[in-house]
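Here is the structure we will look at, set down as structure tokens.
Read the figures in this text as sums done on the coordinates, not as results from a lab. Since the structure is predicted, the reported quantities are computational estimates derived from the model, not experimental observations. In this analysis, Cβ positions are derived from the backbone assuming ideal geometry, glycine residues included, and neighbour counts consider all displayed protein chains.
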Amino acid sequence: TATATIQYTHAMKGNGVLSPDGKWFVFERPGDFNVLHLLDVQANRVIADRITFAGHNFPQVMFTADSGSLWVHRAFQRFVRYEIQTPKQGVTRLVEKQAIGKDANDPRIPSIIPALDHKTFLIERVSPDGGLRTRKLYDSANGKELPLPKSATVADSPFLRLRRVAGSQVELEDFLHGKSETIGQQRQVMNFSAIHPVRKIAATTEFGNDQ
């Protein structure tokens, strides 16, 4: 049985995001307004550079697979990559490297959909009536556009999510290619779900009047 002991604590509000290697944690502090902080978990040090964002909710944040950069969905429909620079001599810095997703000629609001392994992500745009949908695939390490992957089996897709459908069935959905397969059942409405990057396990939560 694994056990753990609390060593440090930091006040935070809302959500937070941990990097894949567990070294970095992005969060908001109570009393701040639309400011993201980056915590060096091992050193227990909040770095000086901050990231601002618009809106009332914690923005979408995605670390790259190597935990060397993070993407933040900021205002004006931009998805911005910040490189975490850790020089041997000096302080850790957050340096803005690029911004993608904004198109002055396209009024459709983009949705950012990360792959399970954080190596790529989709930017999907849908017209207000749902009739026009476009998707582009990007490399999370450098923001370069990539060709969309060909259709594969549902379990092999890098873009998976869990959903509960009629009859209490839980489906594994490949929303890139529009395919799904039933993997189990859940009595109550699904609140949250997660799929392990190697796709061997998944988890869901539910809440009911008797729970």
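Give the calculated FRET efficiency between Ala202 and Ala54 to the nearest 0.05, with a Förster radius of 30 Å applied to their Cβ-Cβ distance.
0.35
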- [ ] Add +1 for every Lys or Arg and -1 for every Asp or Glu among the other residues with Cβ under 12 Å from the Cβ of Val165, and state the total.
- [x] -1
- [ ] List the longest stretch of the chain that has no exposed loop site; here a site is one of the chymotrypsin sites (Phe, Trp or Tyr not before Pro) assigned by DSSP to anything other than H, G, I, E or B, with at most 15 other Cβ within 10 Å.
- [x] 77-206
TODO: Enter the Cα centre distance for the pair segment 1-55 and segment 96-131, rounded to the nearest angstrom.
DONE: 26 Å
- [ ] Could you give log10 I(q)/I(0) at q = 0.09, 0.12, 0.13 Å⁻¹ for the chain, computed by the Debye formula over C-alpha point scatterers of equal weight, without solvent?
- [x] -0.43, -0.78, -0.91
TODO: Could you go through segment 192-197 in sequence order and give the Karplus-derived ³J(HN,Hα) for each residue, using 6.51 cos²θ - 1.76 cosθ + 1.60 with θ = phi - 60°, rounded to whole Hz, and x for Gly and Pro?
DONE: 9, 8, 8, 10, 5, x
Task: In segment 85-115, trypsin sites (Lys or Arg not before Pro) in a DSSP loop with at most 14 other beta-carbon atoms within 10 Å - done: Lys88, Lys102
TODO: Estimate the FRET efficiency between Arg29 and Ile6 by the formula 1/(1 + (r/R0)^6), using the beta-carbon distance for r and 25 Å for R0, to the nearest 0.05.
DONE: 0.85
Task: Rg and Dmax [Cα atoms of segment 77-143; Å; Rg one decimal, Dmax integer] - done: 15.2, 54
Task: Stokes-Einstein D in µm²/s, Kirkwood radius over Cα pairs - segment 120-211 at 25 °C with 0.890 mPa s viscosity - done: 162 µm²/s
- [ ] Please check which bits of segment 27-54 a label hung off Arg93 would reach, taking the label as a point 7 Å along Cα-to-C-beta and the cut-off as backbone N under 14 Å.
- [x] 48-50
Task: Rg and Dmax [Cα atoms of segment 1-118; Å; Rg one decimal, Dmax integer] - done: 15.4, 56
Open item on the list: Excluding same-chain pairs closer than 8 in sequence, count the lysine pairs in the chain whose Cα atoms lie under 20 Å apart.
Closed with: 17
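Quote the relative contact order of the chain in percent (integer), defining contacts as alpha-carbon pairs under 8 Å separated by 6+ residues. Numbers along the way, then the final one.
Numbers: 398 pairs, mean separation 18.9, N = 211.
It comes to 9 percent, rounded to a whole number.
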Open item on the list: I need the trypsin sites (Lys or Arg not before Pro) found in segment 123-163, filtered to DSSP loop residues with at most 10 other beta carbons within 10 Å of theirs.
Closed with: Lys150
